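The values are calculated or read from the model by the stated rules, or taken from the named source; none is laboratory data. As the structure is a computational prediction, the values presented were derived from the model and not from experiment. Here the Cβ positions follow ideal geometry from the backbone for every residue, glycine too, while neighbour counts run over all protein chains shown. Side chains are part of the model used for accessible areas, which takes the heavy atoms of the whole protein and leaves out ligands, DNA and RNA. Shrake-Rupley method; radii C 1.70, N 1.55, O 1.52, S 1.80 Å.
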Amino acid sequence: MNKKRSTRYAAGFTLLIILTIVFFFLNLVKGSSSISAADAFYGIFGKSIDESVNTIILDIRLPRCIAAMLLGGALSISGFLLQCFFGNPIAGPYVLGISSGAKLIVALTMIFSLKNGIVLSSAVMVTASFIGSLISMGTIILISGKVKNMAQLVISGVMIGYVCSAVTELVVTFADDANIVNLHNWSMGSFSGTDRDDILVMLCIVISSSAAAFMLAKPLGAYQLGESYAENLGVNIRAFRLVLIFLSSLLSACVTAFAGPVSFVGIAVPHLMKSLFGTSKPLIIIPASFIGGAAVCMMCDLIARMLFAPVELSISTVTAVFGAPVVILIMLRRNRQKGCG
Amino acid sequence: MQDNAAISAENISVGYGKITVAGNITFSLNSGEILTLIGPNGAGKSTILKSIAAQLHLVSGSVYIDKREISSMKERELSRKLSLVLTERIHAERMTCEDVVATGRYPYTGRLGLLSSEDIRIIDEAMELTGISYLKDSDIKEISDGQRQCVMLARAIAQQPKVMLLDEPTSFLDVNNKLELLSLLRKLVKEKHIAVIQSIHELDLAQRFSDKILCIKNRKADRIGTSDEIFSGDYIDRLYGISSGSFMNLYGTAEPAAVSGEPKIFVIGGGGSGVFIYHKLWRKNIPFAAGIIHKNDIEFPIAKALASVLIDENAFEAVSDKTVQKALKIMGKCSKIICCPEQFGTMNAGCIDLLKEAQKCGKLVNVEDI
């Protein structure tokens, strides 16, 4: 690794960390009741003189902010893993229909439990979401065996997404009135309503899965060359692919369980990180995607809350505005490279 | 099996599951030697390479590297002994050529794949040896096909293998790049003591650059030998089942089959002067006769392949009267005559008689008039 590169890496990480801190505090300070930066800082530790500030920060803004951070990081890593797996830069949990599969199973579980008066624990939600993710993932892997074209694979994923969403809509339409409000909010995607217990579950899943993904950096780097080369270099392809499917599904399932489907972050953030750091080395891009995803999701959540306050936008509305153009940029870049290759 | 062989195969059969694609393969190869697989399309050359790389299970038999059977090796052990250069393109984004070469160090690095200063030295050396140091920071997708093959070769060298497998390394390259790549390969495997097994479609290159050639036909190894053993007689014609032409061992190239029928044009050739005319007449689908060509003339194999009638003379002998008479007889039946050589010497003085006769009967035409 030469010196120019290390400087770029250091600068990149510094920038990302500064952005994360800035958006973290903005998220605590901004809202329907304005809180001063100093108050917010003390509020984190429950030490503000104003008791209501303590409550707002600790019970509402801080959990929501941490949720945005963790889930943003999880989505981005999940996206990066999927991109490596399919060798396709526009793969991500949302476009491949993995989020929608999770959404469907979670919606079914919610309706069933609400009907029977069972209160769902976050662990059950995550499990349901994970099962949904795996079903979609399995379908898309089967399809990927038949289609090698990058656009076709994505179209297949989008179609799976539509089918799952349609079934979800159908289920929601026929659900009891009481359920609808709950379900509707969730299925639109939002970081709101996260409590401290949720955070704990999130923290366990996201941190352990992300750490595991980071430990996969070496075989991922070999896998980027293609399967035959990776196998020759000593990667146990079968085991590696299984772990990759497991981790990417679990990370995206965790996001869907707590925040509903969140669009485009999984594609856009890893791509922006590759551009920022000028490399696709997993050892750099995995941690960068995590921090970058956290910053982007906090920014998008801030916009979702503040832009038309007190009306709140769904998180996907905001992320789509930022993410979709990135997808177009990726395709333009690919075309340009094909042109001169 | 030779004791000092870098790699050897004992009666292996390769294929998918229990279905054999190619069998009966036995060879042994020393460090610094190149074994080339040739044979018709679909003969199973790639399957053989994949099986030697242990990416496919052998149907039967064993492959040994350094006397160790490959199926008994751990992934890491094998990856330190065997490296690959494949035809598939690399799709990774934002990977510099240096990054690609660095992946060769994978079997030697720790859990996170961090490179030591020794690794970096080996990577730099590999790029130096293949002459791609200047591409260090270039994106792997933005370089030419020829440059990319050199990068892949550097990557395979950085892996410090005992054995290197190359699957059609020269496909897609232009003639200069083909020669450069294979010359480089020859030089490097000697220096680094690597045994090379490659598959190649270009027979002329296989003939020139291989120490041993293994021919695959009809689901089995048909013949193994040195270049002069394989490129002899009509073996290549039989190996590929060439029905519409013939292979010329001396040049390593093939000529199409002659246009059949009574010759309409007589070409006085010799010394290579007639080659372009032969090709031109062949393209125009005109049967022709050629003479008088010595059997050791540079154009003899081509004239033999393309002319419907060939009048020849024994090597190093002056053209005899008998041969001239024979040629005049054929010439009489042709409606046009072309004379290619600009001068004649003692050995083909007989051709002067042909030229004189042609001028006399008024059948002599220029090349452009055909």
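One residue stands out in region A:136-153 among those that are open to solvent by less than 30 Å² (accessible area, probe 1.4 Å) and aliphatic (A, V, I, L, M): the one that is farthest from A:Phe258 (Cα to Cα), namely A:Leu153. Pairing each residue of region B:25-49 that is free of Cβ contacts under 8 Å to residues at least 60 places away in the same chain with any residue that is outside any strand (DSSP E or B) and surrounded by 19 or more Cβ atoms within 10 Å (Cβ to Cβ), provided the two are 6+ apart or on different chains, yields C-beta distances under 9 Å for B:Ser28/B:Ala5; B:Ser28/B:Ala6.
Listed conditions (1) surrounded by fewer than 20 Cβ atoms within 10 Å (Cβ to Cβ); (2) part of a strand (DSSP E or B); (3) not polar (S, T, N, Q) are all met by B:Lys329, apart from (2).
The rows are residues; the columns are (1) within 8 Å of another protein chain (Cβ to nearest Cβ); (2) at pLDDT 95 or above; (3) surrounded by fewer than 21 Cβ atoms within 10 Å (Cβ to Cβ).
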| position | (1), (2), (3) |
| --- | --- |
| B:Thr109 | yes, no, yes |
| B:Gly113 | yes, no, no |
| B:Ser116 | no, no, yes |
| B:Ile123 | no, yes, no |
| B:Leu129 | no, no, yes |
| B:Ser138 | no, no, yes |
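Output the helices (runs of 4 or more DSSP H) that fall wholly within region A:212-277 and possess 2 or more residues being in contact (Cβ under 8 Å) with a residue 40 or more places away in the chain and surrounded by fewer than 24 Cβ atoms within 10 Å (Cβ to Cβ), or say none. By residue number, A:217-223, A:237-259, A:265-277. Exactly one of these conditions fails for B:Asp234: (1) open to solvent by less than 30 Å² (accessible area, probe 1.4 Å); (2) under 25 Å from B:Ile213 (Cβ atoms). Give me its number. Against the list (1) open to solvent by less than 30 Å² (accessible area, probe 1.4 Å); (2) under 25 Å from B:Ile213 (Cβ atoms), B:Asp234 comes up short only on (1). Just one of the listed residues (A:Ser113, A:Ser133, A:Ser121) is more than 14 Å from chain B (Cβ to nearest Cβ), among the hydroxyl-bearing types (Ser, Thr, Tyr) and buried (at least 24 other Cβ atoms within 10 Å of the Cβ), and it is A:Ser133.
Please work out if A:Ser100 is surrounded by 24 or more Cβ atoms within 10 Å (Cβ to Cβ) and of a type in the set (S, T, N, Q).
Taking the combined requirement at face value, the residue satisfies it.
Annotation for region B:146-169: no member residue is open to solvent by 20 Å² or more (accessible area, probe 1.4 Å) and within 8 Å of chain A (Cβ to nearest Cβ). As a summary of the residue check, B:Arg68 satisfies the conditions (1) at the interface with another protein chain (Cβ under 9 Å from one of its Cβ atoms); (2) over 30 Å from A:Arg333 (Cβ atoms); (3) open to solvent by 70 Å² or more (accessible area, probe 1.4 Å); (4) among the charged types (D, E, K, R) except for the one numbered (1).
Residues of region A:5-24 being within 24 Å of A:Leu71 (Cβ to Cβ) and more than 21 Å from the chain's Cα centre (by Cα), which ones?
A:Thr14, the sole residue that qualifies.
Looking only at residues in region A:278-331 that are within 14 Å of chain B (Cβ to nearest Cβ) and outside any helix (DSSP H, G or I), the one that is surrounded by the fewest Cβ atoms within 10 Å (Cβ to Cβ) is A:Gly278.
B:Val59 meets each of the listed conditions (1) of a type outside the set (S, T, N, Q); (2) surrounded by 17 or more Cβ atoms within 10 Å (Cβ to Cβ); (3) under 30 Å from B:Asp145 (Cβ atoms); (4) in contact (Cβ under 8 Å) with a residue 40 or more places away in the chain apart from (3).
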